[in-house]
Amino acid sequence: MRGDELRSRYAAAFMPNYGVPPVALARGEGCRVWDADGRAYLDLIAGIAVSSLGHGHPALIEAVSAQAAALAHTSNLFLHEPEVLLAERLRELLDGDGRVFLANSGTEANECALKLAIKYGRANGRSHIVAAENSFHGRTLGALALTGKQAIREPFGPYGIDVRFVPYGDADALAAAVDEHCAAVFLEPTQGEAGVVPPPDGYFAAVRRICDATGALFVADEIQSAIGRTGAWFAWRHENARPDVLTLAKGLGGGLPIGACVALGEHGEIFAKGDHGSTFGGNPVNAAAALAVLATIEKEGLLGNAAQVGEVLAAGIAAVDHPLLAGVRGRGLWRAAVLTGPHAPAAEAAARDAGFLVNAVQPDALRLAPPLILTAAEAESFTGALPSILDAAAAAAKES
Ligand SMILES: *Cc1c(COP(=O)(O)O)cnc(C)c1O
């Protein structure tokens, strides 16, 4: 089916919550995808930081096909080898520590963390939770209660959970909000949906100190930042601010839907039998995919690649001198080109016309979260085209 027909049928069949996306994608290979009309694009967003191995990676195809053929589903009434190996591998990456719960998405990983925090709080006379302004933790009601983006939070509240919001990156504000009545602090290591906004240096070391001093749990929402995105398995490693609870999802399954909540140290025993569950969570096919992703990142040196090619990408953007471009921020293969005004939607469209998929994550920020296999030459093909993309965005702004 052609793209325009797919788009009009989509518009009639789906709820309007996403609008109608501009491109219907049909297939992919490596960092390249093709739309329904056969046009090729360099994929610099990877399905929102998800397709960590790119598209059609043989290791992922092999793992998923073999597992689907052997056994696709068990439910939690039975256990299976891929989930055991995956939980053990995640523990290895966390220095042998942690107890794992497997879910199907990011928001569900955070629901698990929130239930842990509530149970921990009830056992210890702690009733409130602290999160950051402009944070994003997901769309289900518990995760939405933690989400500091007013526009998506307010229409569905109140939530019946005492969540207090503090400015992100302000350690003094955090210290003022966290006391011995606080159950948990939920924070992203860098705010992804807010526009790939990193905190000031030293912030997470302060977060760890504040939580240690008060006994509040530090929950790191690494749903977007983990599994190599920043050049490390986990972004908390950059400041060595080890969380008490860690949530993962996006990049973990390489495109298959899986989330994980890992509780470290004694917090691994907060839940008792019966406290939580999921029919699909830890599904054998998704667990096999995640194992393949973790093995391939290691085998192909993709942490190093994300760090190195991320520098090439950032340096290439920083070298562009254009009135629409203010700068670049982020780490590894997780960057935002920061614009001087609300030009991101026009720049996203101009990039698409030039054959690059990027994301206008904020009115003034273009997010880049490509597959971790991106090459320096691919990064440079985008930064080389950036001046003309920004020219086209400026011209479109003039016309409208
Ligand atoms: C994407 C994201 C979520 C939600 O994940 P879903 O899989 O969309 O439910 C939560 N937290 C962060 C930091 C995210 O980036």
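The values are calculated or read from the model by the stated rules, or taken from the named source; none is laboratory data. Worth saying up front: this structure is predicted, and the values here are computed from it rather than measured. Virtual Cβ from ideal backbone geometry, glycine too; neighbours counted across all protein chains shown. Surface accessibility is based on the protein's heavy atoms, side chains included, excluding ligands, DNA and RNA. Shrake-Rupley method; radii C 1.70, N 1.55, O 1.52, S 1.80 Å.
Quick check, is I129 farther than 12 Å from D221 by Cβ, open to solvent by less than 60 Å² (accessible area, probe 1.4 Å), within 16 Å of the ligand (Cβ to nearest atom) and at pLDDT 95 or above? Working first, answer last.
Values: farther than 12 Å from D221 by Cβ: yes; open to solvent by less than 60 Å² (accessible area, probe 1.4 Å): yes; within 16 Å of the ligand (Cβ to nearest atom): yes; at pLDDT 95 or above: yes.
Answer is yes for this residue.
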Members of region 225-246 found to be touching a Gly at 6+ places or on another chain (Cβ under 8 Å) and crowded, with 24+ Cβ neighbours inside 10 Å, listed by number = S225, A226, I227, G228, R229, T230, D244, L246
Enumerate the pairs (first residue in region 134-152 and open to solvent by 40 Å² or more (accessible area, probe 1.4 Å); second residue anywhere and among the acidic types (D, E) and part of a loop (DSSP other than H, G, I, E, B)) with beta-carbon separation below 6 Å, excluding pairs fewer than 6 apart on the same chain, so at least 6 apart or on different chains.
-> F136/E193
Which of the residues belonging to region 22-46 are farther than 10 Å from L357 by Cα and free of Cβ contacts under 8 Å to residues at least 60 places away in the same chain?
-> A24, L25, A26, R27, G28, E29, W34, D35, A36, D37, G38
So how many residues does region 102-125 have that are open to solvent by 40 Å² or more (accessible area, probe 1.4 Å), within 15 Å of the ligand (Cβ to nearest atom) and touching a residue at least 60 places away in the same chain (Cβ under 8 Å)?
-> 1
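Pick from A385, A306, A393: which is open to solvent by less than 10 Å² (accessible area, probe 1.4 Å), more than 30 Å from R237 (Cβ to Cβ) and at pLDDT 95 or above? Please lay out each step first, then the result.
Details: A385 fails: open to solvent by less than 10 Å² (accessible area, probe 1.4 Å); A306 fails: more than 30 Å from R237 (Cβ to Cβ).
Criteria check complete, one pass: A393.
Do we have any residue at all in region 157-164 that's within 23 Å of W334 (Cβ to Cβ) and out of contact with any Asp or Glu (no Cβ under 7 Å at 6 or more places or on another chain)?
Filtering region 157-164 for residues within 23 Å of W334 (Cβ to Cβ) gives none.
Checked against the condition, which is being within 23 Å of W334 (Cβ to Cβ) and out of contact with any Asp or Glu (no Cβ under 7 Å at 6 or more places or on another chain), region 157-164 yields no hits at all.
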Residues (surrounded by fewer than 22 Cβ atoms within 10 Å (Cβ to Cβ) and over 22 Å from L6 (Cβ atoms)) located in region 18-61 = G30, P58, A59, I61
If you scan region 235-260, which residues turn out to be over 25 Å from G304 (Cα atoms) and in a strand (DSSP E or B)?
-> V245
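Could you tell me whether region 47-63 includes any residue that is among the polar types (S, T, N, Q), within 23 Å of the chain's Cα centre (by Cα) and on the phi < 0 side of the Ramachandran plot? Lay out the reasoning, then the answer.
Filtering region 47-63 for residues among the polar types (S, T, N, Q) gives 51-52.
Going one step further and asking which of them are within 23 Å of the chain's Cα centre (by Cα), we end up with 51-52.
With on the phi < 0 side of the Ramachandran plot added as a condition, the list becomes 51-52.
Yes: region 47-63 contains one or more residues that are among the polar types (S, T, N, Q), within 23 Å of the chain's Cα centre (by Cα) and on the phi < 0 side of the Ramachandran plot.
Is it fair to say V20 is touching a helix residue (DSSP H, G or I) at 6+ places or on another chain (Cβ under 9 Å), more than 16 Å from the ligand (Cβ to nearest atom) and part of a loop (DSSP other than H, G, I, E, B)?
Yes: the conditions hold for V20.
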Restricted to region 72-101 and to residues being over 25 Å from A49 (Cβ atoms), out of contact with any His (no Cβ under 8 Å at 6 or more places or on another chain) and open to solvent by less than 40 Å² (accessible area, probe 1.4 Å), the residue nearest to the ligand (Cβ to nearest atom) is S75
